[in-house]
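Notes for the one structure printed next.
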Ligand SMILES: Nc1nc2c(ncn2[C@@H]2O[C@H](COP(=O)(O)OP(=O)(O)OP(=O)(O)O)[C@@H](O)[C@H]2O)c(=O)[nH]1
Ligand SMILES: Nc1nc2c(ncn2[C@@H]2O[C@H](COP(=O)(O)OP(=O)(O)O)[C@@H](O)[C@H]2O)c(=O)[nH]1
Ligand SMILES: [Mg+2]
């Protein structure tokens, strides 16, 4: 199946950091000690028991001018490429040229491959003015480079990320949802779940990576996402202290602003986290009933797949 | 309430430049996320911060910038200002410093504790060997023991007590362990609190009860009915909950209650008294959450009175329990 992801970007742009933090649970402060990636590395990703794909990380020194490299086979299976650009490493000429080359090379091997560009290291402490200036600069440089090479028909999606907040998880999730054929169906299921339980927002998470596989159609607030993804840490840590992860795991966190976070294990590694007003949590058994409905619906969707 | 219980306690935080003093107290007392401490500037003088803790404990924390020039001033011209009326000294070493740099740290430490014993005899000292995340896990024990011996020696024969030496890092729960023990030594009525918590734990038939301070999530005390050996457990909980609290604060909200359940256990964390959170853990599936909440509610009043220092009444209440 052609569902893999390839990652490109100059050396030190932050590719390995993201992969290790998300999939290998490297602690963020340890990313400072990472060695440069010198050859292509592949990571096999399993999300729950139904989602499997590979991520190929190409070294920042990878020669894109070589016409017959051994890594061609990997590129051919990719339906997505993520290009990581370090927003703190001005000027961007080299990064932008390398992006253009990467797109050319990959598109040649996998013509339908989508291009996603992570404008990375946009850390939370950077001022908004400076942030906007950087984003505009980078996007302009990229579009100039593409048109110079008559490539402006190519669509590049931009994502602003930093490893110091939740943006890397949010955008990595969004990119991965592009290769999940059923995110839409799950969304419909979540919408009806929310409606029956008077829930405001729900995310379906894979808990080890903290990536979300789907969410309802309501507006996305990044603070909601942040709370939900951090709740996974609380849940996993407390559970590992007192027992072990099982299918009955659940949790609730009540906040002073009148909202309540509800965590329900759906099945192995997959959990549903919802936010609602606590006054709407009148009948817990209703929630129980609906979560079971949701489980069944989800099982159907995975079966069709 | 005795005079002594209500006065400010002066706490010195000392150690060389860049060892992580400001980082630590910003995380513990000022809710700074650990990944933001890289932006902390150097402390160019003595920074005084006051904290109220558990209602009636007031800490006046002196964060003494650690550049050499400053240290020399502390030991000479400013000696009496710095070292008088101190109740607690927290001295921070950088675990990464070896050889001459470690000797230099030890010498400064010795001068510090000597000055302290002259100006504030009877003060207690905690030593933190910090940035332990930099040492490989397999070597931590050896490094700690080696440095511990050297450090302890320097305070030999002085009229001060080195209460404890901790290895710490802002990146894990060791930070909470050290600071929890430091504050536990300062809380007035800590023994009454311990006894009451023990009685409460028995009444509730919970396996574990932990009392956390509300703003810092430091551990005030814990009681368990069955002795377990996992000593870092509660510190890990402090760390986790504190992290979550920081995220909540971005939405201007605060944690009110947390429950985590699975087939085998229930953990219940709730606001307790004005200054505390309580955590109960139990594995007995026949215990009703409603019963727990009832017990907690009942105990709240009892504990509020400890913090009001109504000690005698409280002792009476505890003794009446079966
Ligand atoms: N690896 C590691 N680094 C730490 C730790 N704690 C603090 N640091 C880093 O150490 C550096 C210095 O921290 P500060 O808190 O400013 O040090 P200080 O002791 O207040 O220094 P002065 O104010 O100059 O006396 C910062 O870059 C922190 O990020 C830790 O536990 N581990
Ligand atoms: N400021 C900042 N630094 C980052 C961020 N992400 C990664 N880094 C740092 O960038 C450096 C290079 O990262 P690495 O993942 O090895 O880059 P790679 O060569 O693209 O794989 C590391 O020191 C990381 O700690 C980020 O979002 N902000
Ligand atoms: Mg400082």
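The values are calculated or read from the model by the stated rules, or taken from the named source; none is laboratory data. These numbers were taken from a predicted model, which means no experiment stands behind them. Here Cβ is always computed from backbone atoms with ideal geometry, including for glycine, and neighbour counts include all displayed protein chains.
So, in segment A:205-228, exactly how many residues are within 11 Å of chain B (Cβ to nearest Cβ) and closer than 14 Å to residue A:265 by Cα?
Adding up the residues that qualify gives 1.
Given the conditions (1) in contact (Cβ under 8 Å) with a residue 60 or more places away in the chain; (2) outside any helix (DSSP H, G or I), report the number of the one that residue B:121 does not fulfil. In the conditions (1) in contact (Cβ under 8 Å) with a residue 60 or more places away in the chain; (2) outside any helix (DSSP H, G or I), residue B:121 misses (1) alone.
The rows are residues; the columns are (1) within 7 Å of another protein chain (Cβ to nearest Cβ); (2) in a loop (DSSP other than H, G, I, E, B); (3) within 23 Å of the chain's Cα centre (by Cα).
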position	(1), (2), (3)
B:260	yes, no, no
B:264	yes, yes, no
B:270	no, no, yes
B:280	no, no, yes
B:292	no, no, no
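Here residue A:26 clears all of (1) within 14 Å of chain B (Cβ to nearest Cβ); (2) crowded, with 17+ Cβ neighbours inside 10 Å; (3) more than 16 Å from ligand 1 (Cβ to nearest atom) except the condition numbered (3). Residues considered: A:266, A:234. Of these, the only one that is in contact with a helix residue (DSSP H, G or I) (Cβ under 7 Å, 6 or more places away or on another chain), closer than 30 Å to residue A:163 by Cα and outside any helix (DSSP H, G or I) is A:266.
Does residue B:144 meet the test of being within 16 Å of ligand 1 (Cβ to nearest atom), more than 14 Å from chain A (Cβ to nearest Cβ), surrounded by 18 or more Cβ atoms within 10 Å (Cβ to Cβ) and assigned to a helix (DSSP H, G or I)?
no
With respect to being within 16 Å of ligand 3 (Cβ to nearest atom), within 14 Å of another protein chain (Cβ to nearest Cβ) and either more than 14 Å from the chain's Cα centre (by Cα) or closer than 19 Å to residue B:112 by Cα (or both), residue B:67 falls outside the description. Of all residues in segment A:107-121, those satisfying the criterion of being more than 16 Å from ligand 2 (Cβ to nearest atom) and within 16 Å of the chain's Cα centre (by Cα) are A:114, A:115.
Summed over segment B:147-186, residues that are more than 16 Å from residue B:24 (Cα to Cα) and surrounded by fewer than 18 Cβ atoms within 10 Å (Cβ to Cβ) total 15. In segment B:3-45, the residue that is surrounded by the fewest Cβ atoms within 10 Å (Cβ to Cβ) out of those that are more than 10 Å from ligand 3 (Cβ to nearest atom) and in a strand (DSSP E or B) is B:8. Residues in segment B:247-258 that are within 7 Å of chain A (Cβ to nearest Cβ) and either part of a helix (DSSP H, G or I) or surrounded by 21 or more Cβ atoms within 10 Å (Cβ to Cβ) (or both): B:247, B:248, B:250, B:255, B:258. Here residue A:158 passes the criteria (1) surrounded by fewer than 21 Cβ atoms within 10 Å (Cβ to Cβ); (2) in a helix (DSSP H, G or I); (3) at pLDDT 95 or above except the one numbered (2). Applying the condition of being in contact with a strand residue (DSSP E or B) (Cβ under 8 Å, 6 or more places away or on another chain) and assigned to a loop (DSSP other than H, G, I, E, B) to segment B:46-77 and asking which residue is farthest from ligand 1 (Cβ to nearest atom) yields B:54. Scanning segment B:39-56 for residues that are touching a helix residue (DSSP H, G or I) at 6+ places or on another chain (Cβ under 9 Å) and within 14 Å of chain A (Cβ to nearest Cβ) yields a total of 2.
Only one of the listed residues (A:34, A:47) is surrounded by 13 or more Cβ atoms within 10 Å (Cβ to Cβ), away from chain B (no Cβ under 14 Å) and either more than 16 Å from ligand 1 (Cβ to nearest atom) or at pLDDT 90 or above (or both). That residue is A:47. Checking the structure you have, find out if any residue of segment B:88-98 is more than 23 Å from residue B:46 (Cβ to Cβ) and out of contact with any helix residue (DSSP H, G or I) (no Cβ under 6 Å at 6 or more places or on another chain). Yes, segment B:88-98 contains at least one residue that is more than 23 Å from residue B:46 (Cβ to Cβ) and out of contact with any helix residue (DSSP H, G or I) (no Cβ under 6 Å at 6 or more places or on another chain).
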